[in-house]
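Take a look at the structure below.
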Amino acid sequence: MRRLFYKGLLADTIEITGSDAHHLMHVMRAKAGQEIILVDDENQVARMEMTAFREDAVTLTLRQRLEADTESPIDLVLAQCLLKSDKMDMVVQKAVELGAVGVIPVRSQNCVVRYDAKKAAARQQRWQKIADEAAKQCGRTALLTVDPVTDIKALIAAEKEQEDSVLVFFYENEDQQTVKDYLRQITAKRIVLLVGPEGGFSLAEAKAVEEAGGKSVTLGPRILRAETAALTALSVVQYECGDLG
Ligand code: SAH
């Protein structure tokens, strides 16, 4: 059944306007009597019937509240250094499926792609749209937030200030600390995964991340492509600390 993320709180009747109403009426060609799943701002989920249509609004009537929270107990955030366009799109989509609550696109020294401010803002919008679509498709009860493109230095500074949060640094040159051992020590609710670009991290970046408290870990003896590393990182952390498996 179609899923709609509603900016507001669940009620006995709700009026949908704007692009969602347009989509229901003109793209889905919805008819009175059809039902959709509504997810509100507090992750409440309900089955709603479309009971009335006006030119620019659809009225929904509550039929059944559902116990359907699909959110992970951990707040998993992927800080992903910019990848070539199709790879980044894919990583954002899969991060939603793997239960992340946020993606921070990170600009670092060895990123091959370079966006000016205008292009970066357009990309953020595009990734957010991809994330919203993925959330509907995979039955999430909350939307993932895609942040604006952030410089790695700003990311490091911001993460240093976070409480009840750890920064896990997936570093291709780490050969001692395995992610498996490290994850077993984590108790923080928020877990941020930093994954490099195709070109990897510079030595100066690695040093700065570690000085700020980032914990460098290895995913094993093979060098993974950045997108493989991102999806593997999300999966193993969600498996060990969250709700996967
Ligand atoms: N060009 C680099 C590899 C970059 S791989 C080189 O040849 O050394 C891209 C990113 O994937 C890395 O920056 C890192 O974040 C992640 N990654 C790849 N393999 C990894 C591994 N075995 N352990 C931890 N992170 C890894």
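The values are calculated or read from the model by the stated rules, or taken from the named source; none is laboratory data. Here the structure is a predicted model, which is why all the values come from computation and not from measurement. Positions of Cβ are backbone-derived with ideal geometry, glycine not excepted, and every protein chain shown enters the neighbour counts. Accessible surface is based on the protein model in full, side chains and every heavy atom, while ligands, DNA and RNA are left aside. Shrake-Rupley method; radii C 1.70, N 1.55, O 1.52, S 1.80 Å.
If the segment from Asp116 to Met28 were pulled out straight at 0.36 nm per residue, it would be longer than the present Cα-Cα gap by 28.0 nm. Under a 5 Å amide H cut-off, with hydrogens placed 1.01 Å from N, Leu4 pairs with Ile37, Leu38, Val39 among residues at least 5 apart or on other chains. Classified by the C-alpha gyration tensor, the range 96-187 has an oblate form. Its axis ratio a/c, with a ≥ b ≥ c, is 1.5 or above, and a/b does not exceed b/c. Amide H to amide H, with H built 1.01 Å from N, Val106 comes under 5 Å of Gln80, Cys81, Leu82, Thr150, counting only residues 5 or more places away or on other chains. Each of Glu55 and Ala204 was given a label point 7 Å from its Cα along the Cα-to-Cβ line. The distance between the two points is 6.0 nm.
Each residue of the range 78-87 is assigned a 3J(HN,Hα), and the resulting list reads 9, 9, 10, 4, 4, 10, 4, 3, 5, 5 Hz, derived from the Karplus form 6.51 cos²θ - 1.76 cosθ + 1.60 (θ = phi - 60°), x at Gly and Pro. Computed from phi, the 3J(HN,Hα) profile of the range 94-104 under the Karplus parametrisation 6.51, -1.76, 1.60 (θ = phi - 60°) reads 6, 4, 5, 4, 8, x, 5, 9, x, 10, 10 Hz, with x in place of Gly and Pro. Would you compute, from DSSP H runs of 4+ residues alone, the mean residue ellipticity of the chain at 222 nm, taking -39500 (n - 2.57) per run and dividing by the full residue count, rounded to the nearest 500? Rounded to the nearest 500, it is -10000 deg cm²/dmol. Here the chain exposes an accessible surface that is 48 percent carbon and sulfur, computed with a 1.4 Å probe and the other protein chains kept in place.
Among the listed pairs Lys31/Lys118; Lys118/Lys160; Lys7/Lys215; Lys87/Lys207; Lys7/Lys180, those whose Cα-Cα separation exceeds 31 Å are Lys31/Lys118; Lys7/Lys215; Lys7/Lys180. Summarising the strand pairing of the range 25-149, around 65 percent of its internal DSSP beta bridges are antiparallel. In sequence order, the range 180-197 has phi-based couplings of 4, 5, 5, 4, 6, 9, 7, 10, 4, 7, 9, 10, 9, 9, 9, 10, x, x Hz under the Karplus curve 6.51 cos²θ - 1.76 cosθ + 1.60, θ = phi - 60°, and Gly or Pro positions carry x. Taking 0.36 nm per residue of sequence separation and removing the Cα-Cα distance, the Asp175/Ile223 pair yields an extension gain of 16.1 nm.
Sparse packing (at most 15 other Cβ atoms within 10 Å of the Cβ) combined with a DSSP loop state is found for the following trypsin sites (Lys or Arg not before Pro) in the range 7-111: Lys7, Arg29, Lys31, Lys84.
Averaged over its residues, the chain has an accessible area of 52 Å² per residue, based on protein heavy atoms and a 1.4 Å probe.
When restricted to Cα atoms, the chain yields an Rg and a Dmax of 20.1, 63 Å, respectively.
Axis angle, to the nearest 10 degrees, between helix 226-241 and the longest C-alpha principal axis of the chain: 80 degrees.
Beta bridges from DSSP with both residues in the chain: antiparallel share about 40 percent, rounded to the nearest 5.
Once the chain from Asp69 to Lys84 is taken as fully extended at 0.36 nm per residue, the excess over their C-alpha distance is 2.1 nm.
GNM, the chain, Cα, under 10 Å: largest mean-square fluctuation among Glu174, Glu35, Glu161? Fluctuation is largest for Glu161.
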